[in-house]
Amino acid sequence: MGRGAYGTVEFWDEWYAEDDHADYDWLLAWDDFGEAIESLIGDHDKRVLVVGCGNSPFSSELFARGYRNVVNVDNCESIIAVQRLRYPMLRWLVGDVRSLPFNDGSFDLVLDKGCLDNLYCYVDTTAAVAAFIRETRRLLRAESGRFVVVSCHDEATTRDSLSLANWRFSILRVPNPRWPRIRVETYELALCETGASDHDLAAVLGAAVARTRLCRRDDTLAAAAATTGRCGTGSLPSRLAHLERRSSGRRHSDLIGDE
């Protein structure tokens with residue numbers, strides 16, 4: 001159960017039904033940072049898990065580019081049923097991201113676009129987040145397994161959550177391409193990696209993002225991302241209002257301004 005409507009399966013069942021189960025990408029879409037994800041995954045035979053997939057078409061874009069080992073999981077049975085019909089070439093699973101039926105080290109990369117954010121809406125946020133982080137770490141291969149997170153929360157919150165597992169990570173602030181229609185100016189993009197590799201994660205993440213339109217719009221931002229692991233502006237006070245609306249269960253559409 002959730003602290004707000006966002007934390008309940010019932011809310012999402014209603015949400016998807018009201019929108020006729022239409023495609024929608026939370027936070028960042030393929031056109032925003034798909035090139036970065038391709039760079040971070042690497043070879044097409046890598047095993048990818050998309051957690052909290054919802055009604056996103058993101059995995060179909062991966063498939064179209066040659067990634068065949070993609071598994072999608074969500075706890076909302078109604079949207080998984082729709083996605084199975086919509087994209088039958090992909091694997092869809094109804095499941096709880098805190099406890100999934102896969103062996104240790106089953107995946108090379110786990111992608112989260114808003115799933116961690118949703119867990120912050122659960123009644124026992126601390127336990128829910130900790131269980132999810134531990135489970136994600138278990139599912140990644142022991143060496144060079146990667147966890148990519150996009151979050152609307154601030155860097156400190158994201159860092160605290162990711163620190164619950166034994167991996168290295170780097171966090172990059174990126175601009176929201178839908179600003180000001182979606183009233184959160186920046187997102188946090190994090191890359192976690194298992195194992196003892198000595199390469200610079202900030203540089204890896206920055207170089208991946210520099211390939212995308214998130215930074216391509218501004219050469220200065222692209223250069224900064226590649227060298228310092230920063231891209232975009234600082235945090236915005238309106239972020240607090242956004243989080244307040246999420247935790248109170250208000251609709252995402254409440255955050256959408258006039259066109």
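The values are calculated or read from the model by the stated rules, or taken from the named source; none is laboratory data. Note that the structure is predicted; figures quoted are calculated from it, not measured. Because the Cβ atoms are built from the backbone with ideal geometry, glycine has one as well, and the counts that use them run over all protein chains shown.
Picking from 69, 55, which residue would you name as being at negative phi and modelled with pLDDT under 95?
Result: 55 is the single residue among 69, 55 that is at negative phi and modelled with pLDDT under 95.
Considering only residues that are touching a strand residue (DSSP E or B) at 6+ places or on another chain (Cβ under 6 Å) and not aliphatic (A, V, I, L, M), look in region 80-101 and name the one that is farthest from residue 63 (Cα to Cα).
95
If we scan region 116-125, do we find a residue that is closer than 27 Å to residue 63 by Cα and hydroxyl-bearing (Ser, Thr, Tyr)?
Going residue by residue through region 116-125, those that are closer than 27 Å to residue 63 by Cα are 116-118.
Filter once more, so that each one left must be hydroxyl-bearing (Ser, Thr, Tyr): none.
No, there is no match, as no residue in region 116-125 is closer than 27 Å to residue 63 by Cα and hydroxyl-bearing (Ser, Thr, Tyr).
Criterion first (touching a Cys at 6+ places or on another chain (Cβ under 9 Å), closer than 22 Å to residue 210 by Cα and of a type outside the set (Val, Ile, Thr)) does residue 34 satisfy it?
Against the criterion (touching a Cys at 6+ places or on another chain (Cβ under 9 Å), closer than 22 Å to residue 210 by Cα and of a type outside the set (Val, Ile, Thr)), residue 34 does not qualify.
Output the residue which, of all residues in region 34-46 that are of a type outside the set (A, V, I, L, M, F, W, C) and under 25 Å from residue 206 (Cβ atoms), is surrounded by the fewest Cβ atoms within 10 Å (Cβ to Cβ).
Restricting to residues being of a type outside the set (A, V, I, L, M, F, W, C) and under 25 Å from residue 206 (Cβ atoms), the top hit is 43.
Could you pull out the residue among 117, 31 that is under 30 Å from residue 206 (Cα atoms) and touching a Ser or Thr at 6+ places or on another chain (Cβ under 7 Å)?
Selected residue: 117, the only one of 117, 31 that is under 30 Å from residue 206 (Cα atoms) and touching a Ser or Thr at 6+ places or on another chain (Cβ under 7 Å).
Please work out if residue 75 is polar (S, T, N, Q), modelled with pLDDT under 95 and surrounded by fewer than 21 Cβ atoms within 10 Å (Cβ to Cβ).
For residue 75, the condition - polar (S, T, N, Q), modelled with pLDDT under 95 and surrounded by fewer than 21 Cβ atoms within 10 Å (Cβ to Cβ) - is met.
In region 96-110, which residues are under 27 Å from residue 176 (Cα atoms) and either basic (Lys, Arg) or touching a Leu at 6+ places or on another chain (Cβ under 7 Å) (or both)?
Once the filter is applied, which keeps residues that are under 27 Å from residue 176 (Cα atoms) and either basic (Lys, Arg) or touching a Leu at 6+ places or on another chain (Cβ under 7 Å) (or both), region 96-110 yields 109, 110.
For region 11-27, indicate whether the set of residues that are modelled with pLDDT of 95 or more, part of a helix (DSSP H, G or I) and buried (at least 18 other Cβ atoms within 10 Å of the Cβ) is non-empty.
Taking every residue of region 11-27 in turn, none turns out to be modelled with pLDDT of 95 or more, part of a helix (DSSP H, G or I) and buried (at least 18 other Cβ atoms within 10 Å of the Cβ).
Among the helices (runs of 4 or more DSSP H) lying completely within region 57-137, list those that include at least 2 residues that are under 20 Å from residue 34 (Cβ atoms), of a type in the set (Gly, Ala, Ser) and free of Cβ contacts under 8 Å to residues at least 60 places away in the same chain. Working first, answer last.
Values: elements: 58-64, 77-86, 115-119.
Counting at least 2 such residues, we get 58-64.
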